[in-house]
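Visitor: Take this structure, written in C-alpha cells, and hold onto it; I'll ask about it next.
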Amino acid sequence: MRPIIGAMILTMILLTGQAYAAGSSTVNVSATILSNNSCRFTTNVANLNFGLLDPANPVDITVNASINFDCNGKDKLVTFIILDDDGLYDGGIINGNKMKNTNAALLPAQYIPYAFSYNPTSKTLPKASFKTPQPLTITGTILGVNYENVYEGIYTDTVVLTINP
C-alpha cells in the first residue's frame, strides 16, 4: 500500500507543477587537428639599421633586410602566415612601431616612430619547394619629420616574427 501512496503523491506533485526541475549544463566539445606541415626561420637575426640620422637635414629613409625560412611536412601544400608583435614600444595601434632612445636619463622617454613591413606575409607553397630556403624581405621606413625634433642618442627596438604552422 505504501508504494501506491508514494506514487499518488508523486503524481499530485507533478500535476500541480510543484516539482523542482533538475539543473542542466552544456559542455562544448572540440578538437583541432594540427597540420602535418611546419615552417621555421632558418635565419635567426636580421638588422634594420637606419644609420646616422641628421635632424638638420631630415629626409625619409627606407632600409631592407632579409631572413630565410623553410617548410616541411607530409601534405602536398603548406600555407603559412607570418605575424609580428609590433616591437617593444608598440604605439598601441596596429603597426605602431617605435624606437626608444637608450638614454634612460631622458624623462619623458624619447621615441621615433617607424613603419615596419615584410613580404610575404602569407603564401601557399607546393611540396616541391619544401626544404628550399624561402626569402622574407623586411622593410623599415623612418620619415624625416619624425626625427627632426628628437633628442640625440641611439634609438632601438626589437620586433619578434612568428611563422605558423
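Visitor: Taking every pair of Cα atoms in the range 32-120, average 1/r, invert it to obtain the Kirkwood radius, and report Rg/Rh to two decimals.
Guide: 1.09
Visitor: Using only Cα atoms, locate the centre of the range 147-165 and the centre of the range 83-102, then give the distance between them in Å, rounded to an integer.
Guide: 7
Visitor: Counting other C-beta atoms within 10 Å, which of ILE94, ILE112 has the fewest, and how do the rest follow?
Guide: Least to most surrounded, the residues fall as ILE94, ILE112.
Visitor: Given contacts defined as C-alpha pairs under 8 Å and at least six residues apart, what's the relative contact order of the range 37-164, whole-number percent?
Guide: Once divided by the residue count of the range 37-164, the mean separation gives 38 percent.
Visitor: Neighbour counts of other C-beta atoms within 10 Å: give me SER25, SER66, SER129 arranged from fewest to most.
Guide: By the 10 Å Cβ count, ascending, the order reads SER25, SER66, SER129.
Visitor: Then there's this: Find out how many positive minus negative residues lie around ASN68, taking Lys and Arg as positive, Asp and Glu as negative, among other residues whose Cβ is under 12 Å from that of ASN68.
Guide: +1
Visitor: If the chain between LEU83 and ASP60 were fully stretched, how many nm would it gain, using 0.36 nm times the residue separation less the Cα-Cα distance?
Guide: Stretched fully, the LEU83-ASP60 segment lengthens by 5.7 nm.
Visitor: Taking 0.36 nm per residue of separation and subtracting the Cα-Cα distance, what length does fully extending ASN44 through ASN68 add?
Guide: 7.8 nm
Visitor: Provide the net charge surrounding ALA56, with neighbours chosen by a C-beta distance below 12 Å and charges set as Lys +1, Arg +1, Asp -1, Glu -1.
Guide: Charge balance in the 12 Å sphere: -3.
Visitor: Sum up the charges of everything whose Cβ sits under 14 Å from the Cβ of ASN95, counting Lys and Arg as +1 and Asp and Glu as -1, but leave ASN95 out.
Guide: Around ASN95, the charge tally is -4.
Visitor: Also, quick follow-up: Zone of THR141 (label point 7 Å along Cα→Cβ, backbone N under 17 Å): which residues in the range 64-106?
Guide: Zone members listed by number: 64-65, 94-99.
The numbers here are math on the coordinates, done by the rules we state, and not lab data. Since the model is a prediction, treat every value here as computed from it, not as a measurement. Here Cβ is always computed from backbone atoms with ideal geometry, including for glycine, and neighbour counts include all displayed protein chains.
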